Amino acid sequence: MLFTNRDLRKLIIPLVIEQILAVFVGLADTIMIAAAGEAAVSGVSLVDTVNVLVINIFSALATGGAVVAGHCLGQKDNENASKSAWQMILVSSVFSIVITALFIGAHDFILRTVFGQIEADVMASAKIYLIITALSIFPLAIYNACAALFRAMGNSKVTMWISLIMNLLNFAGNAFLIFVMKWGVAGAAISTTFSRLVAAVIIFVMMFHAKRAITFKGQVTWKMDFVLVKKILYIGIPNGLENSMFQLGKILLLSLVSTFGTYAIAANAVCNTVAMINILPGLAINLAILSVTSVCVGAGDYQQARYYTKKLSILMNICMVVLSFILIIGTPFIVKLYQLSDQTAELATQVIRYHAVMAMFIWIPSFSISNTLRAAGDVMWTMVVAVISMWIFRIGAAYILSGYFDMGLMGVWIAMTVDWIFRAICYMTRYKGKKWEQMLGKKSTE
């Protein structure tokens, strides 16, 4: 076996802790920002949706680099794994600098185009947050790239500790800048940007350790190796388009939600944060699935790729069922932390409980099996399915349910789970066949 149970524990446990840190600090983030009022919460939540679009682009590039590096590791070719890793840094740097300039220079146009006519105080908060956090795009791109490489090496403990440092800095910065300095949204944005910069510097320096399977030592160059870049983009571009379309769809839906009023925007922001807790095991173990199956594919062992996919999915399902039941029971207590109005709190409780029930049954086949397909290079199929499902089911059904059936915010979340169902059917059908095993021209060992 390529991975022992001990190897999997060493990979998964830090990933879970890392995701817990990210989600709960995000939860605390929103609660602290809430001290500045519902307009501040709404403005930050709108911008965060745009920022997640950017994060997804760099996560996709990181995925492309990690998969290529994982294939090399499976073939015991550490030299090309390291070369691929540095090329990913170069590509991510170029993209991040361009996007940073775009966000700062066209912030007003972006916000008004995406969200239309929203209340003036919400727009003011959104502008401040977007401009300041745009400065964190480059360090965030570097951090995501390096973190993906450490996971490809099976060393998620490093990313866990650096994530702890980043989140503690963000938490402490928020506490000081929001409550002591009274800087509100600007304080939250400055804290986020600074913590990402520190994390990027630490993890980038650590990648120069000569004894790592993947290292930047001896690889530094400003010249792009287009053969390696092409391999990275072969995975990264379809994955990036998929993730970008997914987030663009969420942004369009947020524009729809914004027409329901500030109370619905605030409820949706709380629901998004709490729902992340629900899928936390999935987010962590999905990273493990991608790393583990990439090495299996690199070694040409698709039987083990299927074995680990099944094993990790079962573990994921157990964890998500437990969390779903906890959230169904504990949601009223969680919502009280946000000091929301009665109308907002009631709506948020209904949506969170609905999400918890659906996540138990549908989320894993919808979002986890596709990682094994991506690791094997079957990225076009996953992209096409995701884009079609997004536009027809998540967006189309949301407008129908919220508009024609007057279901408001709940209609938007129901449409999301319809999207899940379609994805799950398509991905499982593909996975049960053999075609994805032939994407990289390797023969199955089964």
Loop trypsin sites (Lys or Arg not before Pro), the stretch 218-290 (other Cβ atoms within 10 Å of the site Cβ: 12 or fewer; DSSP): K223
What number, rounded to the nearest 500 deg cm²/dmol, is the helix-based mean residue ellipticity at 222 nm of the chain, given -39500 (n - 2.57) per DSSP H run of at least four residues and division by all its residues? -27500 deg cm²/dmol
Straight-distance crosslink candidates among lysines, where the alpha carbon sits under 23 Å from K435 and sequence neighbours closer than 8 are dropped: K230, K231, K310, K311, K443
Residues other than A126 with Cβ under 14 Å of its Cβ, Lys/Arg counted +1 and Asp/Glu -1, net out at -3
In a Gaussian network model of the chain with springs linking alpha carbons closer than 10 Å, the residue among W161, W420, W86 that fluctuates most is W161
For the chain, modelled as a Gaussian network with Cα springs under 10 Å, which listed residue fluctuates most, F95, F361, F109? F109
State the extension gain, in nm to one decimal, for the chain segment bounded by D342 and Q438, taking 0.36 nm per residue of separation less the distance between their alpha-carbons. 29.1 nm
Would you mind working out the magnitude of the charge dipole of the chain relative to its Cα centre, with +1 at each Lys and Arg C-beta and -1 at each Asp and Glu C-beta, to the nearest 20 Debye? 1580
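Using the structure shown, list the pairs from K83/K157; K83/K211; K10/K434 with a Cα-Cα distance above 25 Å, or answer none. Present the calculation step by step, with values, prior to reporting the outcome.
Numbers: K83/K157 23 Å; K83/K211 15 Å; K10/K434 30 Å.
Going by Cα-Cα distance, K10/K434 fall outside the 25 Å limit.
Scale the Cα Rg of the stretch 297-364 by the rule-of-thumb value 2.2 N^0.38 Å and send over the ratio, two decimals.
On the way: Rg = 17.7 Å, N = 68, 2.2 N^0.38 = 10.9 Å.
Ratio of Rg to 2.2 N^0.38 Å for the stretch 297-364: 1.62.
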In the Gaussian network model of the chain, springs joining C-alpha atoms below 10 Å, which of R196, R423, R306 carries the largest mean-square fluctuation? R306
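We did not get these values from a lab; they are worked out from the coordinates using the rules stated. These figures come from a predicted structure and were not determined experimentally. Cβ atoms come from the backbone with ideal geometry, glycine included; neighbour counts cover every protein chain shown.
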